[in-house]
Structures are given as C-alpha cells and as structure tokens.
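In what follows, a single structure is set out as structure tokens and then discussed.
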Amino acid sequence: MRIDPVTDVLLAVDVQPDFMPGGALAVPDGDAVVPVLNRLLAGPFRHAVATQDWHPPGHASFASSHPGRVPFESIEVAYGTQTLWPDHCVQGTPGAALHAGLEQSRIELILRKGLHPAVDSYSAFRENDRATSLCLDAWLRARGFRRLFLAGLASDYCVAWSAEDAVAAGFAVVVVEDACRGIGLPTGAGRTTIDQARDRLQAAGVQFVGSAAVNV
Ligand code: VGL
Ligand code: ZN
C-alpha cells in the first residue's frame, strides 16, 4: 500500500509502558508494536500523531475507585457500560509516559485523553460519553490529512474506538495489524473481544494491512 506522505498520517495509540508486559494494564506482547511502529515512523510516514492515556488519580475507570469492585468487571454509568480497569496511566507516573524507545521525530501532536475524572476516553476523537469531542478531526482536516493509519494499543479498545470514530468523521482508515496488540478480555457484559472488534471495524469500512505492505 503506497503512502502519500502529504495526506496520510500515522496515529500511534497509547504506546505507553503501562500497556506493556510488566505494566499496570499489560497487553500481551504489547511491546512488540514498538519496533514495527518505529519502522513506519522513520520510513513511509512524514506525519504522525500519538495519543497518551492520561488519567488523574482516582479516575472513574479504575476499579479501585469503586468499593467492592475488581478490575475487568463492568458497571453501569451515565453514558452506558464501563469496564473497570486496574489503575493505569496515572498522570506523571513512568507507566503513563510515551514508551522511551518510540521514534518521536515525526510525532507532531501528542493528544492526551481520559483526563475527565468521571468519563473514560478510549477514542482519540471523543470521550466515552460519545458527546465530548477532543477535536482531533478538526486538527487533522485543517492539516490536510485524509487517510489515517492506526497502530498501537489496544486493538480491542482504544485502537478500535478511534478507528470507528475516524470513519464516522469521514476519514479513510487503515489499521496496521502487526503494529497492534489487544487486551483480549473473555466475552462478557459490555466487553469486546479482539475478533469482535475486528469484525465491527471491517463492517464499518476500515481496511487492515500488514506493516510490510506499507511503503512509500
Ligand atoms: C485502554 C483500557 C483503558 C487502551 C486505555 O489504550 O486500549 N484500554 N484505557
Ligand atoms: Zn485508560
């Protein structure tokens, strides 16, 4: 797949130590995305954006904020079903930084999300209440980008929700599959498996590609 360095942009989602082996919300094999992303960031793409999950202490998505609840349970909140997570990506902690090995020279915007104490934000475009926009679409459009390549963590949550919203915002969307890893929760209330997320995206018009096929 040939990259147009002017109108294509790479979105590196939540490449943070807390989502990698040893981290607070470890994604299996999550660190494997870094070298794949780095090839894309040093090669075909001239423009990139990174998202950073960036929660205040005591965030509502943390099981620890809900007495009697444990991580990976779901609760009903004002905006629907919320999965509860271990405390992760707490602002200013080492696990919340962008991964130290990530090639950042072409990352021109770092978009932080999940700052609202009571609302989670998987998507880079809007919070989980589906109402509060993060205005990424306006920035991308103003910069002339038309096609988004998504990679990072986690393919079943933040990558998937971002991809769906990118389609809804009118962008062509491609997921670089080997540059993503998923959390892979078993099926349950309010949960999405990695396969379900992929099916949903494919139905929405998202394309999937391997990184080796992404070239200038
Ligand atoms: C994510 C759960 C909670 C993600 C972030 O990056 O996919 N998942 N916060
Ligand atoms: Zn989070």
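Placing +1 on each Lys and Arg Cβ and -1 on each Asp and Glu Cβ, with no other charges, gives the chain a dipole about its Cα centre of roughly 560 debye.
Out of every Cα pair in the chain, what percent are spaced more than 28 Å from each other? Counting pairs separated by more than 28 Å, the tail of P(r) holds 21 percent. Place a point 7 Å from the Cα of R146 along the Cα-to-Cβ direction; which residues of segment 1-16 have their backbone N under 15 Å from it? Counting only backbone N, you get 2-9. Note down the net charge around G30, summing +1 for each Lys or Arg and -1 for each Asp or Glu among other residues with Cβ under 11 Å from its Cβ. Once all neighbours under 11 Å are counted, the net charge is -3.
With 10 angstrom as the radius, rank T192, T51, T132 by how many other C-beta atoms surround their C-beta, starting from the fewest. Lowest count first: T132, T192, T51.
Counted residue by residue at 0.36 nm each, then reduced by the alpha carbon distance between them, the extension gain from E76 to D178 reaches 33.4 nm. Mind running the shape call on segment 79-185? Use the C-alpha gyration tensor, a ≥ b ≥ c as the square roots of the eigenvalues: rounded below 1.5 for a/c, prolate if a/b tops b/c, oblate otherwise. Judged from the Cα gyration tensor, segment 79-185 comes out rounded (a/c under 1.5).
From its DSSP helices (H runs of at least four residues, each -39,500 (n - 2.57)), the chain gives a residue-normalised ellipticity at 222 nm of -5500 deg cm²/dmol. The charge dipole of segment 61-187, taken about its Cα centre with unit charges on the Cβ atoms of Lys, Arg (+1), Asp and Glu (-1) only, comes to about 420 debye. Between 0 and 90 degrees, the angle of helix 194-204 with respect to the longest Cα principal axis of the chain falls at about 50 degrees.
Karplus-based coupling profile of segment 35-42, in residue order and whole Hz: x, 5, 4, 5, 5, 5, 6, 9, with θ = phi - 60° in 6.51 cos²θ - 1.76 cosθ + 1.60 and x standing for Gly or Pro.
Determine the distance separating the Cα centre of segment 69-100 from the Cα centre of segment 124-157; give it in Å without decimals. The distance from the Cα centre of segment 69-100 to that of segment 124-157 comes to 19 Å.
A short reminder: the numbers here are calculations on the coordinates, not readings from a lab. As the structure is a computational prediction, the values presented were derived from the model and not from experiment. Don't worry about glycine lacking a Cβ; one is built from the backbone with ideal geometry, like all the others, and counts go over all protein chains shown.
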